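The values are calculated or read from the model by the stated rules, or taken from the named source; none is laboratory data. These numbers come from a predicted model, not from an experiment. Every residue, glycine as well, gets a Cβ built from its backbone with ideal geometry; the counts of neighbours run over all protein chains shown. What goes into the accessible areas is simple: the full protein's heavy atoms, side chains included, and nothing from ligands, DNA or RNA. Shrake-Rupley method; radii C 1.70, N 1.55, O 1.52, S 1.80 Å.
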Amino acid sequence: MNAKVLGTLEFPKVLARLADVTAFSASRDLALALEPSADRFWVERRQEETAEAVRLLQERPEFSVRGTRDVRLLARKAALGGVLDPAQLLEVAGTLESGQFVGATLAKLESNTYRVLREHGTQIHPCRDVTAAIGGAISDQGEVRDSASPALGRLRRELRVAHSRLTEKLNSYLSSHRSSLQDAIITSRNDRYVLPVKAEARNQIPGIVHDQSASGATVFVEPLAIVELNNVLRTLQLQEQEEIERILRAISGIVGASGEAIIETVNALAAVDLCLAKARLAGAQDASRPLPAAAGRIVLLKARHPLLTGKVVPISVELGTSFTQLVITGPNTGGKTVALKTVGLLTLMALSGLHIPADPGSEVGMAPEVWADIGDEQSIEQSLSTFSSHMTNIVRIITAVHAGDLVLLDELGAGTDPVEGAALARAILDELRARQATTVATTHYAELKAYAHSTPGVQNASVEFDLETLSPTYRLTVGLPGRSNALAIATRLGLSKRIVDAATATLAPEQLQIETLLKQIADEKQEAERARAEAQRLERQAAAALQATQRERASLERERERLLQQAEAAAEQELADFRRQLAELQLRAGDVNSRRDVQEVQEQSSAVLRQLLERRHKQPRRREAPPADLPLGSWVHIETLGQSGKLLSLDRDHNSAEVQLGSFKVRAKASELSVGRRPALGDTADTRSRREQAREERVVTLPAVPMTGTELDLRGKRVADVDAELDRFLNDASRAGLPYARIIHGKGTGALRQVVLAQLTGHPLVRSFRLGEAGEGGDGVTIATL
């Protein structure tokens, strides 16, 4: 894109705001270097990474590249053999640790949702050997650790001993020669420890003079007795420094060996941080992702200029469908130029991968180039007037413009004779339309209003002006030309009515009629907008009331279901208590009193069972209608009984059905049936046939409950007799209300066990079954829960 146009539309100011929310210098440089592109793939990729970063910050607001620094120069220095100091090494380590965190975080993101950010993450190299080497040798304070090498550790231990001996000797001098010293302190000169001795007492402490004070009153003496101790200390210090330099050189070599990986990591971190900065800028501007469109198409919904502060009036613009040229008219300072710049600047932002401050659903086409002639660029040095400077720009634009380009022209044809200027403006718009360029132009010429009204592909637009306050509203109205408000403004400002009337009399009648008609159209449009806004408000109110009613209804339904479930649970608990009493009584001795108690509990249990079934019948349940093609003989499930059986007959007209449940025939409502589960493996046709022959068909009532135990011993029985006997036992146990049954089949060859398991599988009276445990008879026993 043309750099001059970018400046005219203030695009660098947007980039400066973007750079302000980056985390370090490398990403800041990327932000300031961002440029629009007409490459659709590039634009959509940059828009996608911005959208991904917005989602990521919504999910993890604290995510960032942390303490990343631009260490690319340090990496190159190390790669060339340079030695990095401890502070520089810590910068490298901190950046790589940030890269490890960012890379690990991005790798965990969902690949379809964060495709571009994950691709950036793959360019981050952990370089754990580098961070380990630096962390093991350099402390957080930037000092080389004693443990960096065995030699350094030994030298520092010897240094501490030598320093201790030296200070001990010097302290003895402080005590014994106090009167000869200027101050009772130990200081240093030329990297050697000395004492501040009074000049007149110089001979009292034999030694080497290293320095004297500016006044000459103090000389700094190294006593002869500590010369050798100073020598030892200084020698150890030099050796320590050599060892530190050796360690730093070795670690710098490790950094240099990974130099390219470190540079790639910094580049990737800068790219990720740029994405995060674009997301932060979008959040600050309440921006949304623009949809890509064909070149020449622009749809901006409630768009705001990103550099304006305070209360910004949004504008809505659509170009590239029924018209490709928009002519904006209206008073000065009414917002024409702002609208022009908003269209251009938001186009540049979208083509740079930035979200735009406009409502979702906005579209921006892939304009190959954006051209702009905005503002007064007259030049004294080049002897250019306002008109000449505008014409120079327009000539350059018309020479280079292509189909799909966006052209922005401010005050087209201004700065010269109005008649000639208007004629020239029409000709320029005709040429741009012939070149299929999308054009937005502002003007004061009334002739261009008529041109836009009568020319296909061209549309009028205007900025509104409030005559009561004598101030613009900045609202852009597409489809309506701007009115001339000069006479009305003059009247409001106090110009004599006589003068205003004289001016009005000179106007052509057609002009007055046009102005009156425009006012009527504007008033009607405002009234229609108010009516539409009121209708939308009432629609939202109605929707909110409907939602509230639905929520209240759902709440009542949940409460009703809860109460029904609570009542049913209480009845089931009561029934379970009776059954436990029954089981306990049946285990007692079979005397007359016990049998009488059993009969009483049985009658109570049956009564509770009938009450529970009545509740279930009365309780309304949401269920699907039974399939229309249920064949006779198929397995069906009876909802109210919670059991499955074989369908014997079905009368849909009377909502009646008959179902075989084990040895029982049950009459049920057809609406309570659903497709049931077929018998499991092991329930063969032969065993079913024998079982059905052995069963005595009868309709369920509530007959007297038989006396039965909780145990059936099948040992010694023939396999052919097991089915009928086991079925009778299960029926009796179930009718007696027993919670479980113990079936003894022995271990042996396992034939009896297989028959028993096949019979229990899918049996309508058996909830579950299992083989016995060690204390219950093991594999020779099966426990069935009824």
### Query
When the Kirkwood hydrodynamic radius is evaluated over all pairs of different C-alpha atoms of segment 163-241, what value in angstrom, to one decimal, is obtained?
12.7 Å
### Query
How far is helix 40-59 tilted, in degrees, relative to the longest principal axis of the Cα atoms in the chain, given as a value from 0 to 90 rounded to the nearest 10?
70 degrees
### Query
Once the mean 1/r over all distinct Cα pairs of segment 214-340 is inverted, what Kirkwood radius in angstroms do you read off?
23.2 Å
### Summary
Within the chain, the percent of DSSP beta bridges that are antiparallel, given to the nearest 5, stands at 70 percent
### Message
Once you keep just the Cα pairs under 8 angstrom separated by 6 or more residues, what percentage relative contact order results for the chain?
### Response
9 percent
### Query
According to a simple spin-label model (label point 7 Å from Cα along Cα-to-Cβ), what is the distance in nm between A567 and T491?
7.8 nm
### Query
Which FRET efficiency, nearest 0.05, do S175 and A257 yield, Cβ-Cβ r, R0 60 Å?
0.60
### Query
So who's got an amide H within less than 5 Å of the one on A367, skipping anything under 5 residues away but keeping other chains? H placed 1.01 Å off N, in plane.
G296
### Query
Expressed as a rounded percentage, what relative contact order does segment 255-351 have, with Cα pairs under 8 Å and six or more residues apart?
21 percent
### Task
Starting from the Cα gyration tensor of segment 411-510, multiply each eigenvalue by 5, take the square root, and state the resulting semi-axes largest first in whole Å.
29, 17, 11
### Query
Going down the table (K336/K449; K302/K449; K4/K278; K311/K336; K665/K717; K449/K525), which pairs top 22 Å between alpha carbons?
K302/K449; K4/K278; K665/K717
### Query
Given that just one value was derived from the coordinates, which of [x] 1.73; [y] 1.42; [z] 1.01 is Cα Rg over 2.2 N^0.38 Å?
[x]
### Under Karplus coefficients 6.51, -1.76 and 1.60, residue-wise ³J(HN,Hα) of segment 120-128 in Hz, glycine/proline x
4, x, 5, 8, 8, 9, x, 6, 5
### Query
What value, in deg cm²/dmol to 500, does the helix sum -39500 (n - 2.57) over DSSP H runs of n ≥ 4 give at 222 nm once divided by the residues of the chain?
-17000 deg cm²/dmol
#### Entry: Tilt relative to the chain, helix 150-176 - C-alpha long axis, 0 to 90 degrees, to 10
60 degrees
### Surface share of carbon and sulfur [accessible, 1.4 angstrom probe, percent] for segment 236-283
52 percent
### Query
Mind listing the phi-derived Karplus ³J(HN,Hα) values for segment 201-206, rounded to whole Hz, using 6.51, -1.76 and 1.60 with θ = phi - 60°, and x for any glycine or proline?
10, 3, 6, 6, 10, x
### Accessible carbon and sulfur surface of segment 385-485 relative to its total accessible area, %, 1.4 Å
55 percent
### Query
Which order do Y474, Y173, Y114 take when ranked by solvent-accessible area (1.4 Å probe, heavy atoms of all protein chains), largest first?
Y474, Y173, Y114
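Using a 1.4 Å probe, what is the accessible area per residue for the chain, in Å²? Kindly include the intermediate steps, with their values, before the conclusion.
Details: 41000 Å² over 786 residues.
With all protein chains present, the chain gives 52 Å² per residue.
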### Task
Compute the relative contact order of segment 29-113 as a whole-number percentage, counting only Cα pairs closer than 8 Å that sit 6 or more residues apart in sequence.
28 percent
### Query
If you wrap a convex hull around the C-alpha atoms of segment 96-250 and split its volume per residue, what is the figure in Å³?
161 Å³
### Message
Only bridges whose two residues both fall in segment 316-451 count here: according to DSSP, what percent of them are antiparallel, nearest 5?
### Response
5 percent
### Task
Name the long-range amide H neighbours of D211: under 5 Å, sequence gap of 5 or more, or other chain; modelled H, no Pro or chain starts.
F220
### Query
Amide H neighbours of D70 under 5 Å, counting only residues 5+ apart in sequence or on other chains, H built in-plane at 1.01 Å?
S25, A26
#### Entry: Heavy-atom accessible area ranking, 1.4 Å probe, most first, across E62, E529, E776
E62, E529, E776
### Message
Can you work out the Karplus-derived ³J(HN,Hα) for every residue in segment 764-777? Use 6.51 cos²θ - 1.76 cosθ + 1.60 with θ = phi - 60°, whole Hz, and x for glycine or proline.
### Response
x, 9, 10, 7, 7, 8, 7, 6, x, 8, 4, x, 10, x
